[in-house]
Amino acid sequence: MNLPPLNALRAFECAARTGSFSAAGAELGVTAAAVSLQVRNLEDWLNLQLFVRKANQLRITDAGRDYYQNAASALAEIARFTDALTQGDRRRPFVISATPALAQLWLPQRLAVFAQLRPDVPVELRTEAEDQDLELHGIDVRLSYGGELPDYASHELFTDQLVPVVSGPGALGNFRRIDVNWGTRISSVPGWRQWSELYGLLSEDIAPIAAASVPDALALCTAGIGVTLLPETVVSMALKSGIVRKCDPRSIQMPRPYVMLHAHYKTKSRRLMDFQKALLTG
């Protein structure tokens, strides 16, 4: 079967339909340059010129127009078939992969909203610290910190800041420091070293304790063991309930956003759109 590269075909279809590499990039969740490169790859594969590029203008050629009409029809048919296959079988769960922090602390109330929006959709929640191959593992959507992956559509959920959290009374310097292990993949999250550089050293007389994840650090903090730097939005329910409190008004901005990732072809899936709506309104 003599098929063109499908990512390039999708980029071409989107560019031809929107009339712009920038608009196509925004829809696909990639840069305009990435769309242009994919279209160039398709042109090389076909040995045809699909667009005339002049300054900031993009004009489709006759060959491109003919190819677009057939490609758009074929892609639309695939999308309709996929939608019927994935939406029509109510036994197939909507599979969500999320980091422990998001799965345990931030997502539950938003899943409740999704359950109200789509009571017909079974859900499977997988708590996974590392990003996964979505297609290989049958994952519909991945929620993680800073996990932008070029092969998937990426949607920013929120940005967060780290705040010092304790469970009992007292000043920041009186507590044992709890360090959070963010895993080998993430190196950009600030910690107590950055806090010390910004705001001054904590006491070195009390040995620190290491926690394997944000939920583990919160559990240690809740037990009164010490103070830890946690993402404020992620632990907002614990703060609102009074289980823990901020012991200092200062904070450190996290450099990357929390994101939702999914395969590009699922962009118009009704289940995914309803899930994204629940995330933003929960």
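Read-outs throughout are calculated quantities, based only on the coordinates presented, and are distinct from any laboratory measurement. Predicted model, so just to flag it, every value in this text is computed and none were measured. Every residue, glycine among them, receives a Cβ derived from its backbone with ideal geometry; neighbour counts consider all protein chains shown.
Structure notes:
- The stretch between GLN253 and ARG92 holds 54.0 nm of extra length on full extension. This uses 0.36 nm per residue minus the Cα-Cα distance.
- Other residues whose C-beta falls under 9 angstrom from the C-beta of HIS262 contribute a net charge of +1, scoring Lys and Arg +1 and Asp and Glu -1.
- Within the chain, longest stretch free of exposed GluC sites (Glu not before Pro) [DSSP loop, at most 12 other beta carbons within 10 Å]: 1-129
- Estimated D of the chain in µm² per second, where Rh is the Kirkwood radius over Cα pairs and Stokes-Einstein applies at 20 °C, 1.002 mPa s: 99 µm²/s
- Cα gyration tensor shape of the range 6-88, rounded if a/c is under 1.5, else prolate or oblate by comparing a/b with b/c: prolate
- Cα gyration tensor shape of the range 161-253, rounded if a/c is under 1.5, else prolate or oblate by comparing a/b with b/c: rounded
- Counting every other Cβ atom within 10 Å of each residue's Cβ, HIS262, HIS155, HIS137 order from fewest to most as HIS137, HIS155, HIS262.
- Looking at the chain alone, DSSP beta bridges between its own residues are antiparallel in about 60 percent of cases.
- Of the residues ARG250, ARG271, the one with the fewest other Cβ atoms within 10 Å heads the list, and the complete ranking is ARG250, ARG271.
- Note on GLN69 and LEU149: with the Förster distance fixed at 35 Å, the Cβ-Cβ geometry gives a FRET efficiency of about 0.65.
- Cβ-Cβ FRET estimate between LEU280 and ALA23, R0 fixed at 25 Å, reported to 0.05: 0.65
- Gap separating the Cα centres of the range 104-118 and the range 211-282, nearest whole Å: 13 Å
- Amide H to amide H, with H built 1.01 Å from N, PHE94 comes under 5 Å of VAL123, GLU124, counting only residues 5 or more places away or on other chains.
- Antiparallel bridge percentage (DSSP; both residues within the range 161-253; nearest 5): 60 percent
- Residue exposure sequence - VAL30, VAL189 - by fewest surrounding Cβ within 10 Å: VAL189, VAL30
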